[in-house]
């Protein structure tokens, strides 16, 4: 019995060993043969992930003309451990880099990893790639990785489109694993605002290598690879032809042009001057070009339409008049006497002319400071308010409904909100003893009030729409399905009834089209433009020329704000530039003798003297002279040759404030 028991126990133990052995063999067989999961998780030297980069989404204008597209480039990569002795000088000659730079990049790749691919030289052109491909077998351990970079066919809209640049470590850390060293990301403009839409999805190829480091193709015939997915296309609101003309008109000038379609809030033109060729911000010379552009004394990278601060000047008067009408402190027939100034206490606000008794329409057409001050006085001294400080804050809140003193939420980063202080600010500055007389400059859009050109154009869109605006935006549709964001169809009302707008619009119409108007240089043949000029005080030089307006009067299609720094009266530069932009958009061309005026305006130089600086800027002013006002524009109603510079003879030149 005991012998049988030992015999049985022996076979039980042997059986257990056999079973365990079979289990281990089966598991090993499963891992090595059937389970790709385990194979792929073992990151050995025979299997490497090769990343494929998606093409960024193209950006189109409103007519689906290409503004931003892609072109192929190639990165020279190396796996340091696989690099064998090679002819360094010959390789550097082929890829057009010096040996010091090449050596530095190869050493950097070795420090990061000897077994993983590292970038040796970025963004080789197609021509260099073709030459390199024929010789690449001579350089073991090196290979080429393709990607795309941006290309701008018309070289316009640099501040609108922005630029892309290599990611920083901070951006990699914040990306939750999406970005890797060597990737590119939108740094400004639409490229940054719509980065997640434009960037697409990176792909992966699981490349199998043999023991000699020779690629054998994609593992499992690509079963575990993922294809790169291109970014979504963006259809912008810009009109490429209008944008191009605006940039040409503002060449060798500092300032901004913003044009909006009132019915939709779509931005038709987004001009910031000085500008630069966006193609300078791509390719292997991007860093050098960027540093050269930074040297420009006129701040090339400042996005003036949303970052420039300007006193709105007389462009503010229609807004304040509409608040006065809504509050009932004036009506369209209310008359004030203008002796050439408005006096409150010891403070005198001068008017450019003596108008005598003047009502709303003529007050706006003549840009009467006295009339505007009386409206402001009545608003802040209403009996319904306990004191003028409460009245002021209520007035400020009404102004903010128009988009002043706050951001409009345009779809670009770094929009500034302008400047419009509350009563607490003035109480802190002047103690409690202040009233409307202390801030009377606000009545004429000056003093402690600043707006961006986008905000000024939006005011005109509100008036054109008779009481509301759609949030201004630069992208009208996303992707093949033309997705539109909900906030870009919602109406934002400003608290003024539609019935109050006609007398104000009448005054703006007279400013352009009557013999006594201040904006006659903005007239357009056969189109009724409504607008206001402004001459904005500038403590650092000659005043800024401003015009805001819309056209045509009925069923308006375009609202504009034009600012030309250091150019003097609004009628000198801003008003005619606005008329050319409106005519171009509404008629698709500039007619007759006005073609010569447009070409003349393009050639004019209105720049402050540049400071002496080392180096040679990429944007070099043709001249540093500021033209005198009386030289500003060929006569409006007579054909001229482009080289002529006749004097303006308008008797209203000095009423443009």
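The table for this structure:
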| quantity | calculated |
| --- | --- |
| Over the chain, equivalent-ellipsoid semi-axes from the Cα gyration tensor in Å | 65, 31, 21 |
| Between helix 317-327 and the chain: long-axis angle, C-alpha atoms, 0 to 90°, nearest 10 | 80 |
| Rounded if a/c under 1.5, otherwise prolate or oblate - the range 47-234, Cα gyration tensor axes | prolate |
| Residue 589-residue 180 FRET efficiency (beta carbon distance; Förster radius 45 Å; 0.05 resolution) | 0.35 |
| For the range 143-216, fraction of C-alpha pairs farther apart than 20 Å, in % | 45 |
| Two-site label geometry, residue 50 and residue 350: point separation in nm, points 7 Å out along Cα→Cβ | 7.6 |
| Sequence ranges 274-284, 495-505, ranked by mean other-Cβ count within 10 angstrom, highest first | 274-284, 495-505 |
| Nearest-ten-degree value, helix 99-112 long axis tilted from longest Cα axis of the chain | 70 |
| Order by protection proxy (mean Cβ within 10 Å, highest first), peptides 483-493, 256-266 | 256-266, 483-493 |
| Chain lengthening between residue 386 and residue 196 when straightened (0.36 nm per residue, less Cα-Cα) | 63.3 nm |
| 19 Å reach of a label modelled at residue 87, 7 Å along Cα-to-Cβ, counting backbone N of the range 123-153 | 128-143 |
| Helix-only mean residue ellipticity at 222 nm for the chain, each DSSP H run of n ≥ 4 adding -39500 (n - 2.57), per residue, nearest 500 | -9000 deg cm²/dmol |
| Per-peptide average of other Cβ atoms within 10 Å, ordering 241-252, 72-83 highest first | 241-252, 72-83 |
| Length gained when the stretch residue 294-residue 20 is fully extended (0.36 nm per residue, less Cα-Cα span) | 91.4 nm |
| Fully extended contour minus Cα-Cα distance, from residue 605 to residue 66, at 0.36 nm per residue | 191.0 nm |
| Spacing of the two label points (7 Å from each Cα toward its C-beta) at residue 101 and residue 335, in nm | 7.7 |
| Label-point separation, residue 309 to residue 221 (7 Å along Cα→Cβ), nm | 6.7 |
| Rounded to 10°, Cα long-axis angle of helix 240-249 versus longest principal axis of the chain | 60 |
| Values of log10 I(q)/I(0), in the order q = 0.15, 0.21, 0.24 Å⁻¹, for the range 160-265 under a Debye, Cα-only, solvent-free model | -0.87, -1.15, -1.24 |
| Cβ-derived FRET efficiency at R0 51 Å, residue 343 paired with residue 555, nearest 0.05 | 0.75 |
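Quick note: the coordinates plus some simple rules give every number you see, no bench work behind them. Everything quoted here is computed from the prediction, not taken from an experiment. For neighbour counting, all protein chains shown are included, and Cβ atoms are generated from backbone atoms with ideal geometry for every residue, glycine included.
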